[in-house]
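Peer 1: First, the structure itself, so that you have it in front of you.
A short reminder: the numbers here are calculations on the coordinates, not readings from a lab. Every value quoted in this text rests on a predicted model; they were computed, and no experiment measured them. Please note: Cβ atoms are built from the backbone with ideal geometry, for glycine as well, and neighbour counts cover all protein chains shown.
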Amino acid sequence: MKFAILEFPGSNCDHDCEWVLKSVLKQKTEMVWHQDSKLPSGVDCVVVPGGFSYGDYLRCGAIARFSPVMQAVAEFAKKGGMVWGICNGFQILTEAGLLPGALIRNKSLSFICKDVFLKVERADSLFTNRLGGKRVLRIPIAHGEGNYTCSPEVLEGLRQDRRILFRYCDESGAVTPAANPNGALDNIAGILSENGRVLGMMPHPERASEAVLGNTDGKLLFESALNALSRA
Amino acid sequence: MKTESISQAHPSDPQVTLAVATGMGLSPEEFGRVQTILGRMPTYTELGIFSVMWSEHCSYKTSKPHLKGFPTTGKRVLQGPGENAGVLDIGGGYAVCFKIESHNHPSAIEPYQGAATGVGGILRDVFTMGARPIACMNSLRFGEITDPHVRHLFAGVVAGIAGYGNCMGIPTVAGEVVFDDVYRENCLVNAFALGVLKHEDLVKGTASGVGNSVIYIGATTGRDGIHGATFASIELSEQSEEKRSAVQVGDPFMEKLLLEATLELIQKRLLVGIQDMGAAGLTSSSTEMAFRGGAGLDLHVDQVPKRETGMVPYEVMLSESQERMLLVAKKGKEKAVAGVLEKWGLHAAVIGKVTDTGRHRIFENGLCVSDIPVAPLADDKHPLFPMVKRPMKKPAYLRKTAAFSFKKLSQPKDYGAVLLKLLAAPTIAEKSWVYRQYDHMVRTNTMVLPGSDAAVLRIKENGKAIAMSVDGNGRYCYLDPFLGGQLVVAEAARNVAVSGAEPIGCTDCLNFGSPQDPEIMWQFAEAVRGMAKACRELKIPVISGNVSLYNESPKRAIDPTPIVGVVGLIEPVKGEIRAASQGFKKAGDFIFLAGKNLDELGGSEYLQRVRGHKAGKPPKLDLKAELALHRFLAAAVRAGLVASAHDLSDGGLAVALAESCLSGMERLGASVELKDTIRPDALFFGETQSRALLSAAPAHGAALEKLAKKFKVPFTRIGSVTRGGLSIKSPKASLEAAFDAMHDAYTKTFEIMQ
């Protein structure tokens with residue numbers, strides 16, 4: 001499979017995603033510069049990586065959405081392309097209107113970097129179909145603005161359409177206020193687009209994809225995506 | 001060809017007088033030297049340049065003679081002190097480049113920006129050498145957190161470090177924070193950065209090749225930070241608030257662009273040399289580059305990109321605006337350089353040329369406003385360079401502190417309660433409030449996360465791993481600077497060894513009070529002598545460092561606080577990296593103590609925090625035993641025999657046991673029985689050196705004992721990992737603490753920050 005990984009000035013998880021996809025999972029990857037107005041041909045999935053695109057000036061992701069490459073990504077998504085935004089990538093996707101809602105300052109007002117537990121709300125998505133029965137994943141977060149919010153109508157829609165993919169939970173899978181690291185509405189950690197092909201998530205699966213780092217839960221998501229793409 | 005141009009005063013320049021010179025920090029004697037060098041009165045711009053170049057911060061005029069005792073060579077040393085940062089070979093054609101630097105005074109005035117720009121500066125030092133930064137650490141000192149002003153500083157510094165490092169995408173993987181009233185007015189913020197490079201990408205801060213273009217890149221120049229280096233070379237005072245304009249403002253996004261552009265320029269082989277504009281900005285960067293290249297430089301300040309109008313040459317040369325670099329391009333590569341800079345959206349301007357005059361000249365619109373020979377500005381071997389030999393005197397307080405004997409102290413009634421008190425002491429308590437604000441995982445290399453003795457990072461490029469730790473102990477150095485200096489190096493190295501690595505090099509940041517006080521000068525000389533001894537005997541070369549003097553306020557000087565950052569190397573075993581962390585792993589594992597328990601309490605955290613005495617002699621150190629322990633620890637981890645390993649330091653054996661219980665992935669306790677008959681408080685809380693706590697599967701016990709024997713390290717099985725709390729029995733006393741009580745004590749201290 002071929003993955004395009006976007007590079008904005010200030011992206012800093014771009015090479016982490018490349019490492020997992022290329023060196024760990026042996027897939028084709030291509031870095032795509034923010035000024036490019038076209039995606040490389042034959043791309044199966046676009047990864048919008050974490051970082052501080054454009055220094056997070058103005059508002060996280062607010063400037064990145066206007067970059068030439070994001071116009072191409074919007075086109076790609078519209079045609080049913082698979083797009084995966086992680087952390088700052090999730091923020092960019094909401095700013096670009098590819099996903100609903102917004103990500104605001106953490107309730108604590110501080111940056112938070114730590115492992116969290118995620119309840120997987122459905123195991124039949126493009127990104128969660130290879131979990132081998134696991135319903136609780138341990139994956140790190142690292143953000144200052146990961147507090148998901150949206151209108152009550154949007155939330156209702158997300159629930160009804162089963163578009164909430166990940167919710168913060170405790171080790172046993174209980175979704176509780178104590179397990180919510182950033183104040184996110186309904187403990188939301190990741191959501192899908194209407195067609196289920198665009199995912200935005202705050203946690204970093206690329207940081208949990210190798211035994212040498214002591215955690216491979218994130219790799220299950222990449223393997224799910226590969227599985228979905230290979231069946232398509 | 002020698003050009004004997006005589007510079008002229010800029011129309012806006014004030015008259016140069018002795019009073020102006022001393023106002024800039026020059027001594028009358030130094031002002032005389034300036035005139036001897038130039039053969040005339042200096043211009044105002046020239047005076048400014050001399051004053052910053054000869055400030056303690058840039059010149060090391062007081063400290064340099066003392067630093068000569070440091071070992072700086074070794075088979076792995078590719079670059080020792082004297083460059084932006086030092087470089088060590090780590091095999092496979094790769095090297096690590098690292099350095100530590102202080103940003104104390106700016107942080108005491110404006111904690112967020114002070115700390116942030118400290119991180120920015122040290123990162124630039126590393127990537128200008130051609131290395132991609134992969135990790136940061138920091139060492140912090142504050143007053144007591146019960147003080148709201150201290151909390152303001154602490155919160156601001158941590159947020160500043162986080163704000164800069166996180167945005168740069170470089171993980172902050174380890175550090176230490178110590179709280180003591182002596183740092184109330186003068187906090188310490190020491191930032192460490194480490195990068196990885198290919199040997200052939202090593203670049204130096206040098207200017208050579210007559211006619212080559214000198215190019216300025218990065219942020220524009222403003223009036224911020226003027227005389228920052230001089231500000232760092234005087235004591236903090238009530239008036240320091242007024243020097244707020246000497247504190248710079250950071251822009252990590254700009255620096256991220258500089259980082260990427262610099263590495264691209266270096267990898268495309270477009271540069272002769274590159275240098276960060278750090279302390280003393282354009283002045284020191286250009287002078288040092290010219291000096292290292294044995295060249296001269298002509299600079300045109302009218303070409304320097306500025307963010308404010310009406311800036312005079314003096315201001316342009318002395319500005320410490322952040323995120324700026326100076327580079328010398330290879331001839332014919334100017335266009336290619338411009339292309340790379342444009343890709344990253346960076347400002348660039350050709351502001352001068354390399355010459356063969358040996359002079360550093362500054363022009364504004366064709367008018368020469370400064371013309372100084374390079375050598376006496378930058379070469380400490382030049383006869384007119386103002387090296388200072390200051391008087392020294394053994395401090396009077398030492399007679400009292402050394403005479404203190406803990407032997408007359410009664411024993412506490414409840415050792416468990418003492419343990420809880422120590423676990424809750426801010427210096428010992430769990431620091432997740434701090435390190436959770438730092439992205440410590442980005443770049444996906446961090447194998448051992450913050451909260452253990454050392455961080456361990458795999459090196460993707462060559463399949464190995466490195467361990468790193470930063471340590472200091474001002475109290476030990478206050479009570480005996482010579483011994484304290486040795487202890488600091490030993491602990492930093494032990495932290496690395498206990499993680500399974502062989503220490504291969506270090507960097508140091510020497511934080512002291514005013515060298516004009518003979519007692520402080522004595523502390524400095526003694527501490528450095530001790531550090532040098534330990535580095536020599538432990539075979540750890542010093543490859544970079546920084547000296548920060550004048551850390552005092554009208555109220556007091558800080559404790560002498562040298563900080564050492566040690567880096568160790570872990571070779572893979574059959575392709576597998578084996579590293580140890582401090583948390584117990586499994587109930588039923590055996591617990592071992594490496595080293596011997598001695599009847600020592602002097603200088604301990606227990607003695608100060610619980611008993612109220614900052615006194616006594618710090619623990620003894622046998623460097624041969626210490627080295628043997630390091631080698632044993634690395635060998636034991638490498639052999640795959642170790643489940644957990646933890647250094648014994650602040651709070652001694654009981655605190656180390658508690659920390660190993662509390663740092664596990666699950667609730668684990670320990671049941672320990674000791675045979676020592678020394679005083680119980682010394683046994684439980686003494687800080688005797690050259691000790692470590694190990695846990696291992698029972699099946700590995702015999703092999704570990706055999707290995708310890710081979711390295712001649714005393715090694716005793718003292719108990720087992722349990723599912724209960726902590727229980728220590730000894731012939732004279734016992735200590736009991738429940739898991740939840742320990743956990744609460746250890747983890748709630750920083751709730752005061754929320």
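Peer 1: If you add up the charges near B:GLN411, with Lys and Arg at +1 and Asp and Glu at -1, over every other residue whose beta carbon is less than 12 angstrom from its beta carbon, what do you get?
Peer 2: Charge balance near B:GLN411 sits at +4.
Peer 1: As an exercise, use a Förster radius of 60 Å and the Cβ-Cβ distance of B:VAL249 and B:LYS407 to find the FRET efficiency, rounded to the nearest 0.05.
Peer 2: 0.65
Peer 1: Can you list residues from other chains, or at least 5 along the same chain, whose modelled amide H is less than 5 Å from the amide H of B:GLU176?
Peer 2: It is B:ASN138, B:SER139, B:LEU140, by chain and number.
Peer 1: To continue, here is another question. For B:PHE584, enumerate residues with amide H under 5 Å from its amide H, sequence gap 5+ or separate chain, H modeled in the peptide plane.
Peer 2: Distant-sequence amide H within range of B:PHE584: B:CYS661, B:SER663, B:GLY664.
Peer 1: Fully extended, how many nm does the chain gain between B:SER208 and B:LYS620 (0.36 nm per residue separation, minus their Cα-Cα distance)?
Peer 2: Roughly 143.3 nm would be gained on extension.
Peer 1: Taking the alpha-carbon distance from B:LYS381 and a cut-off under 19 Å, which lysines remain once sequence neighbours fewer than 8 residues away in the same chain are dropped?
Peer 2: Excluding near neighbours in sequence, the set is B:LYS61, B:LYS64, B:LYS68, B:LYS389.
Peer 1: If you don't mind, another one. Treat the count of other C-beta atoms within 10 Å as a stand-in for reagent exposure and order A:MET201, B:MET392, B:MET521 from fewest to most.
Peer 2: Going from least to most buried by this count: B:MET392, B:MET521, A:MET201.
Peer 1: Then there's this: Based on the mean of other beta carbon atoms within 10 Å per residue, what is the order of A:76-87, B:273-284, most packed first?
Peer 2: Order by mean packing, descending: B:273-284, A:76-87.
Peer 1: Shifting gears a bit: Can you tell me the relative contact order of chain B? Whole percent, Cα pairs under 8 Å, sequence separation 6 or more.
Peer 2: Relative contact order comes out at 15 percent.
Peer 1: Let me ask something else. Within 10 Å of each Cβ in peptide A:9-22, how many partner chain Cβ atoms are there on average? Round it to a whole number, please.
Peer 2: 4
Peer 1: Here's something else I'd like to know. Run down the aspartates and glutamates and flag those whose C-alpha is under 17 Å from the C-alpha of B:LYS268, throwing out any fewer than 8 positions away in its chain.
Peer 2: B:GLU200, B:ASP201, B:GLU260, B:GLU334, B:GLU342
Peer 1: Here's another thing I want to ask about it. Nearest 500 deg cm²/dmol is fine: what mean residue ellipticity at 222 nm does the protein assembly as shown get from its DSSP H runs of n ≥ 4 alone, each adding -39,500 (n - 2.57), divided by its residue count?
Peer 2: Helices in the protein assembly as shown give a 222 nm mean residue ellipticity of -9000 deg cm²/dmol.
Peer 1: Could you state the angle between the C-alpha long axis of helix B:415-424 and the longest principal axis of the C-alpha atoms of chain B, as a value from 0 to 90 degrees rounded to the nearest 10?
Peer 2: 20 degrees
Peer 1: Show which lysines lie in cross-link reach of B:LYS617 when reach means a straight Cα distance below 21 angstrom and same-chain residues fewer than eight apart are skipped.
Peer 2: Qualifying lysines at Cα under 21 Å: B:LYS393, B:LYS394, B:LYS400, B:LYS407, B:LYS408, B:LYS533, B:LYS596.
Peer 1: Based on the Cβ-Cβ distance from B:ASP380 to B:THR747, what FRET efficiency comes out when R0 is 51 Å, to the nearest 0.05?
Peer 2: Efficiency, rounded to the nearest 0.05: 0.55.
Peer 1: So, one more: Given +1 on the Cβ of Lys and Arg, -1 on the Cβ of Asp and Glu, and no further charges, what dipole in debye does chain A carry about its Cα centre, rounded to the nearest 20?
Peer 2: Around 400 debye, computed over chain A.
Peer 1: For peptide B:460-466, how many partner chain Cβ atoms fall within 10 Å of a residue's Cβ, on average?
Peer 2: Partner-chain Cβ atoms within 10 Å, mean over residues of B:460-466: 1.
Peer 1: With charges set only on the Cβ (+1 for Lys and Arg, -1 for Asp and Glu), what does the dipole of the protein assembly as shown come to about its Cα centre, in debye to the nearest 20?
Peer 2: It works out to roughly 2740 debye.
Peer 1: Compute the signed sum of charges (Lys and Arg +1, Asp and Glu -1) over the other residues within less than 10 Å, Cβ to Cβ, of B:VAL126.
Peer 2: Neighbour charge sum, excluding B:VAL126 itself: +1.
Peer 1: Rounded to the nearest 10 degrees, what's the angle between the helix B:252-267 long axis and the longest principal axis of chain B, both from Cα atoms, 0 to 90?
Peer 2: 80 degrees
Peer 1: Can you list residues from other chains, or at least 5 along the same chain, whose modelled amide H is less than 5 Å from the amide H of A:LYS28?
Peer 2: Here A:PHE3 satisfy the definition.
Peer 1: Of A:GLY85, A:GLY214, B:PRO42, which is farthest on the positive side of the dipole of the protein assembly as shown, counting Cα position, with +1 on Lys and Arg Cβ, -1 on Asp and Glu Cβ, and the Cα centre as origin?
Peer 2: A:GLY214
Peer 1: Let me ask something else about it. Give me a comma-separated list of calculated 3J(HN,Hα) values for region B:392-401, in order, Karplus coefficients 6.51, -1.76, 1.60 applied at θ = phi - 60°, integers in Hz, x for any Gly or Pro.
Peer 2: 10, 8, 5, x, 5, 4, 5, 5, 6, 5
Peer 1: In nm, give the distance between the simple-model label positions of B:ALA19 and A:ARG122, each being 7 Å from the Cα along the Cα-to-Cβ direction.
Peer 2: Label at B:ALA19, label at A:ARG122, 8.0 nm between them.
Peer 1: Suppose we flag GluC sites (Glu not before Pro) only when DSSP calls them loop and at most 14 other Cβ atoms lie within 10 Å. Which is the longest uninterrupted stretch of chain B?
Peer 2: Counting only loop sites that pass the neighbour cut-off, the longest clear stretch is B:309-665.
Peer 1: To continue, here is another question. Just in region B:1-106: which trypsin sites (Lys or Arg not before Pro) are loop by DSSP and have at most 15 other Cβ atoms within 10 Å?
Peer 2: B:LYS2, B:ARG40, B:LYS68, B:LYS75
Peer 1: Shifting gears a bit: How many percent of Cα pairs in the protein assembly as shown exceed 48 Å?
Peer 2: Tail fraction, whole percent: 26.
Peer 1: May I pose another question? How shielded is A:46-54 by partner chains, expressed as the average number of their Cβ atoms within 10 Å of its Cβ atoms?
Peer 2: 2
Peer 1: Now for a separate question. Rounded to the nearest 5, what % of DSSP beta bridges with both residues in the protein assembly as shown are antiparallel?
Peer 2: 75 percent
Peer 1: Something else: Past 21 Å, Cα to Cα, is the threshold; run B:LYS460/B:LYS539; A:LYS26/A:LYS119; B:LYS460/B:LYS574; A:LYS78/A:LYS134; B:LYS624/B:LYS706 against it and keep the listed order.
Peer 2: Going by Cα-Cα distance, B:LYS460/B:LYS539; A:LYS26/A:LYS119; A:LYS78/A:LYS134 fall outside the 21 Å limit.
Peer 1: Name the residue farthest towards the positive end of the dipole of chain B from the options B:SER286, B:THR117, B:PRO450, assuming +1 on Cβ of Lys and Arg, -1 on Cβ of Asp and Glu, about the Cα centre.
Peer 2: Of the listed residues, the answer is B:PRO450.
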